[in-house]
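Please read the structure below before turning to the comments.
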Amino acid sequence: MKIGIYPGSFDPITLGHLDIIVRASGLVDKLIIGVLQNNAKKPLFTAEERVEFIERVIKEKTNLTSVQVEAFDGLLINYAAQKNASIIVRGLRAITDFEYELQIAQTNHKLNTKIDTVFFTTSVEYSYLSSSVVKEIAVYGGDIRQFVPDCIVQSVYDKYNSIRSV
Ligand code: ADP
């Protein structure tokens, strides 16, 4: 069975991520979406919330049955080996992503030659899209409906409302 890992922060999942999930799942028998738990980026949503959002989106927006979502911590290459994955999936938006991603992919291959990184180039309609952009718009109450799957739009606004009411 060919297993792939798609790791990331997914803070929150966007339509760009969903596009990669759907395309990458055609490449493997099982795609594990690894949600990075202890992230230096200081995520807005907890790992549990990010996992739940992705599960909700997979269930409501796709008919994929070969996708599993879980939080992980520690070194990605060790996690991938532990899951018997043979590929790591990453998305490339712009040339600015490339240099960093190349370095990580080469390092990971050095650490474990049995695991390769596969890059998906973003679909043009999502090339500008990132979780950070979504958060910058949502914090000011802007319209994020064209950036994230509709089933999580309200949850993103609710998070900011709950932070404000503390
Ligand atoms: P990370 O913090 O690991 O970069 P992200 O959640 O920002 O986590 O992204 C996870 C993966 O999804 C990365 O490979 C990133 O390049 C890719 N990605 C993010 N946004 C898009 C997009 N709009 N189109 C295609 N790939 C994307």
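The values are calculated or read from the model by the stated rules, or taken from the named source; none is laboratory data. None of these values were measured; they are calculated from a predicted model. Neighbour counts run over all protein chains shown; Cβ positions are idealised from the backbone, glycine included.
Assorted remarks:
For every residue, the table says whether it meets (1) out of contact with any Leu (no Cβ under 6 Å at 6 or more places or on another chain); (2) part of a loop (DSSP other than H, G, I, E, B); (3) modelled with pLDDT of 95 or more; (4) not small (G, A, S).
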position	(1), (2), (3), (4)
A71	yes, no, yes, no
D97	yes, no, no, yes
E101	yes, no, yes, yes
T117	yes, no, yes, yes
D143	yes, yes, yes, yes
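- Qualifying residue in the range 2-11 (condition: farther than 20 Å from S130 by Cα, out of contact with any Leu (no Cβ under 7 Å at 6 or more places or on another chain) and more than 9 Å from the ligand (Cβ to nearest atom)): yes
- Restricting attention to the range 38-69, the residues that are farther than 20 Å from S162 by Cβ, modelled with pLDDT of 95 or more and not hydrophobic (A, V, I, L, M, F, W, C) total 9.
- When D97, D73 are checked against the criterion of being farther than 18 Å from M1 by Cα and within 12 Å of the ligand (Cβ to nearest atom), a single residue qualifies: D97.
- Among the residues of the range 23-45, those identified as surrounded by fewer than 17 Cβ atoms within 10 Å (Cβ to Cβ), more than 11 Å from the ligand (Cβ to nearest atom) and at negative phi are G26, L27, D29, N38.
- Flag for V153 being within 15 Å of the ligand (Cβ to nearest atom) and aliphatic (A, V, I, L, M): no
- Test: residue in the range 130-144 that is more than 17 Å from D11 (Cβ to Cβ), among the acidic types (D, E) and within 11 Å of the ligand (Cβ to nearest atom): no
- Looking across the range 100-120, just one residue is within 12 Å of the ligand (Cβ to nearest atom) and of a type in the set (D, E, K, R), and that is E101.
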